[in-house]
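To start, the structure under review is shown below, and the notes come after it.
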Amino acid sequence: MDIVIGSRGSDLALWQAHFVRDELESLGHQVTIKIIHTRGDKIQHLSFDKIEGKGFFTKEIEDALLSKSIDLAVHSHKDLETTPPNGLLIGAVSYRENPTDRLLIRKTAADTSKTLSLPDNAVVGTSSARRQTQIKRLCPSVNLKDLRGNVPTRIQKLREGQYDAIILASAGIMRLELDLSDLVEVELDPKSFVPAPAQGVLGLQIREGDTELAAVLQNMNNENVAREIGIERSVLRNLDGGCQLPLGVYCTAGENGHDVHVSFATNKTGKAHLKTYKAVNLDSIVSTVLEDLKTL
């Protein structure tokens with residue numbers, strides 16, 4: 001089967017596309033990759049909450065899929081809208097790379113006597129409302145500054161001294177195998193600094209009715225990961241949220257069922273509330289979480 005993959009052009013997006021290409025080729029298929037530029041790639045001077053609409057990093061790729069100029073879209077699953085466009089569906093999800101967030105600090109700015117090695121009044125770069133509320137909860141004195149660009153670009157801005165520290169997803173750092181020996185790395189505990197729903201997972205999107213490709217992708221689908229991020233994204237969907245929502249949800253298998261860790265704030269300047277739920281029945285956990293969040 002000949003398959004055309006649509007992908008953004010960043011280093012990380014292309015790593016993801018190449019990973020899926022290699023998996024498909026190992027199954028005997030011919031694969032090419034087509035780079036598509038999204039609105040989120042083109043608008044680099046604004047934070048996410050100042051860009052109108054949703055699907056900053058996905059809409060143009062989804063349009064190409066619907067128009068049949070590509071056959072398969074590879075996304076960072078956390079970037080996808082929880083309600084897919086008419087005519088599209090997720091054909092498979094990948095394994096989950098390390099889902100944590102990671103704090104990168106310039107060595108000259110790090111203070112190991114302080115929480116997370118962040119000095120008082122440190123300038124911390126992130127455009128994520130979720131990360132902003134959680135870092136403020138742990139280190140109230142920090143000064144937040146918007147940070148945009150692909151992963152290497154963000155790290156270069158840190159090295160240039162535009163920030164004392166920045167926050168990135170561990171998955172991107174690990175997949176790109178970046179040399180960060182000149183920086184201090186602090187991996188943030190996902191139970192206390194909760195990742196975005198589906199962070200570290202790839203979503204493989206196809207057209208409804210493409211039964212041949214759907215059957216191929218079932219060989220690549222991780223059912224356990226799909227079930228756990230399904231819970232995470234259900235909370236997000238029921239709150240009608242997207243990248244701008246200060247929400248972290250992380251679901252893991254525990255000794256007696258599942259643990260669901262949630263961080264939520266009403267807005268990006270609000271207080272982040274943290275709670276862990278013990279869930280034997282995953283189908284009931286979403287309603288429990290939502291009822292609790294309504295009281296904030």
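The values are calculated or read from the model by the stated rules, or taken from the named source; none is laboratory data. The shown structure was predicted, so the numbers you read here are calculated from the model rather than taken from an experiment. Cβ placement follows ideal geometry from the backbone for every residue including glycine, while neighbour counts extend to all protein chains displayed.
Let's see how each residue does on (1) of a type in the set (Gly, Ala, Ser); (2) within 25 Å of His29 (Cα to Cα):
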residue	(1), (2)
Gly200	yes, no
Gln205	no, yes
Asp210	no, yes
Leu213	no, yes
Gln218	no, yes
Asn221	no, yes
Arg227	no, no
Ser234	yes, no
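Considering only region 173-192, how many residues are buried (at least 18 other Cβ atoms within 10 Å of the Cβ), within 18 Å of the chain's Cα centre (by Cα) and more than 25 Å from Leu274 (Cα to Cα)?
2
Return the residues of region 153-194 that are under 20 Å from Ile135 (Cα atoms), assigned to a helix (DSSP H, G or I) and in contact (Cβ under 8 Å) with a residue 60 or more places away in the chain; say none if nothing qualifies.
Ser170, Ala171, Gly172, Ile173
From His18, His37, which residue is under 30 Å from Gly125 (Cβ atoms), modelled with pLDDT of 85 or more, in a helix (DSSP H, G or I) and assigned by TED's automatic domain parsing to the domain that holds Gly87?
On inspection, the qualifying residue turns out to be His18.
Quick check on region 215-250: of everything there that is farther than 13 Å from Val93 by Cα and over 14 Å from the mean Cα position of the chain (by Cα), which residue is modelled with the lowest pLDDT?
Ranking the qualifying residues of region 215-250, first place goes to Asp240.
What are the residues in region 217-252 that are surrounded by fewer than 20 Cβ atoms within 10 Å (Cβ to Cβ) and touching a His at 6+ places or on another chain (Cβ under 7 Å), if any?
Thr252 - this is the single residue of region 217-252 that is surrounded by fewer than 20 Cβ atoms within 10 Å (Cβ to Cβ) and touching a His at 6+ places or on another chain (Cβ under 7 Å).
Filter region 253-273 down to the residues that are surrounded by fewer than 18 Cβ atoms within 10 Å (Cβ to Cβ) and either under 30 Å from Val142 (Cα atoms) or of a type in the set (Asp, Glu) (or both) and list them by number.
Glu255, Asp259, Thr266, Asn267, Thr269, Gly270, Lys271, His273
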